[in-house]
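See below for the structure under consideration.
The values are calculated or read from the model by the stated rules, or taken from the named source; none is laboratory data. The structure displayed is predicted, hence computed values, not measured ones. Here the Cβ is made from the backbone with ideal geometry for all residues, glycine too, and neighbour counts use every protein chain on show.
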Amino acid sequence: MPRVLVLALVAVELCCIYLLGRRVLDRLVARAVAGSRARRWCTWAFLAPGVALHEGAHALAATALLGRVTRFVPFAPRPMAGGGVLLGEVRYRTSPLPVLGGAPGRAAIGLAPLVVVPVVVYVLGCVLVTGVAVGDDPAELARGLVDRGPDVGSLLWLLLALSAGIGLLPSPTDHRDLPQALALLAAVALAWLAWRGGLDRAEGQQLLTDALGPATFVAQLLAPAAAVALVGALLLRR
């Protein structure tokens with residue numbers, strides 16, 4: 001696949017996840033709160049795995065960046081004072097080190113679900129879907145489902161993938177340090193370019209070529225969550 005198409009696909013998937021995924025989650029929660037007890041419990045049971053993975057990703061990233069988790073609630077829906085429902089919660093203390101404890105570290109913790117959750121879903125798919133092994137392209141999961149038909153493992157993985165796709169999106173508070181982190185990363189990149197005297201056309205093309213493989217893998221990892229966000233937004237548009 002051409003480099004431009006791969007990068008465009010990743011951008012479209014992120015737009016679906018961010019713009020439509022939040023709408024799907026908010027509408028599901030709102031309908032559950034306003035509905036019957038049975039509907040509410042069915043919704044919570046469906047959302048619980050994805051939200052737990054989301055909060056677990058925050059806790060894992062905080063620990064990996066030498067922080068300390070002080071409160072970890074994988075899934076426990078409760079009303080918030082300002083309206084809405086808090087599904088899960090992670091509180092942590094950042095690392096005392098300048099970079100890890102600063103905006104880049106906090107932004108990495110906030111955005112961790114966007115990376116960790118698709119990877120976990122992929123690995124579990126390789127375990128549960130027959131004929132797929134870790135290291136295969138994520139697209140092989142879809143082929144495995146079509147070629148071999150549904151079984152207990154594949155159905156379990158589909159339910160998990162649906163839940164994770166809806167619970168994947170970092171909340172607005174998870175993005176609060178992103179602008180500062182991006183500004184710092186951009187400054188570092190510009191300093192590196194200035195130090196080495198810039199990039200010529202051939203070097204720029206080589207960088208894009210080297211990024212094609214990882215970008216294709218990322219596009220395939222994000223595809224289930226983007227599809228869930230898109231289809232869910234269509235089904236819940238009213």
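Laid out as a table, the results:
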| read-out | value |
| --- | --- |
| Residues satisfying the stated conditions in segment 143-194, i.e. in a helix (DSSP H, G or I), under 19 Å from the mean Cα position of the chain (by Cα), under 20 Å from residue 53 (Cβ atoms) and among the small types (Gly, Ala, Ser) | 161, 163, 164, 165, 167 |
| Pairs where the first residue, in segment 94-120, is within 16 Å of residue 179 (Cα to Cα) and touching a residue at least 24 places away in the same chain (Cβ under 8 Å) and the second is among the aromatic types (Phe, Trp, Tyr) and buried (at least 19 other Cβ atoms within 10 Å of the Cβ), C-beta under 8 Å, 6+ apart | 109/92 |
| Options 184, 168: the member that is in contact with a helix residue (DSSP H, G or I) (Cβ under 9 Å, 6 or more places away or on another chain), more than 26 Å from residue 213 (Cβ to Cβ) and surrounded by 14 or more Cβ atoms within 10 Å (Cβ to Cβ) | 184 |
| Hits in segment 31-50 - residues which are exposed (fewer than 13 other Cβ atoms within 10 Å of the Cβ) and of a type in the set (A, V, I, L, M) | 34, 38, 45 |
| Test: residue in segment 34-51 that is within 23 Å of the chain's Cα centre (by Cα) and closer than 16 Å to residue 174 by Cα | yes |
| Evaluation of residue 114 against (1) hydrophobic (A, V, I, L, M, F, W, C); (2) assigned to a strand (DSSP E or B); (3) within 28 Å of residue 11 (Cβ to Cβ) (one fails), failing number | (2) |
| Exclusive hit being surrounded by fewer than 18 Cβ atoms within 10 Å (Cβ to Cβ), closer than 27 Å to residue 28 by Cβ and at pLDDT 80 or above, set 158, 162, 128, 178 | 158 |
| Residue in segment 185-201 that is in contact with a Lys or Arg (Cβ under 6 Å, 6 or more places away or on another chain) and touching a residue at least 40 places away in the same chain (Cβ under 8 Å) present | no |
| Residue ID - nearest to residue 171 (Cα to Cα), chosen from residues in segment 75-114 that are in contact with a Leu (Cβ under 9 Å, 6 or more places away or on another chain) and of a type in the set (Val, Ile, Thr) | 109 |
| Residue list for segment 131-141, restricted to those being in contact (Cβ under 8 Å) with a residue 60 or more places away in the chain, surrounded by fewer than 17 Cβ atoms within 10 Å (Cβ to Cβ) and either outside any loop (DSSP other than H, G, I, E, B) or touching a Pro at 6+ places or on another chain (Cβ under 9 Å) (or both) | 139 |
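Quick grid of which residues meet (1) in contact with a Lys or Arg (Cβ under 8 Å, 6 or more places away or on another chain); (2) at pLDDT below 90; (3) crowded, with 21+ Cβ neighbours inside 10 Å:
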residue: 86; (1), (2), (3): yes, yes, no
residue: 93; (1), (2), (3): yes, no, no
residue: 98; (1), (2), (3): no, yes, no
residue: 109; (1), (2), (3): no, no, yes
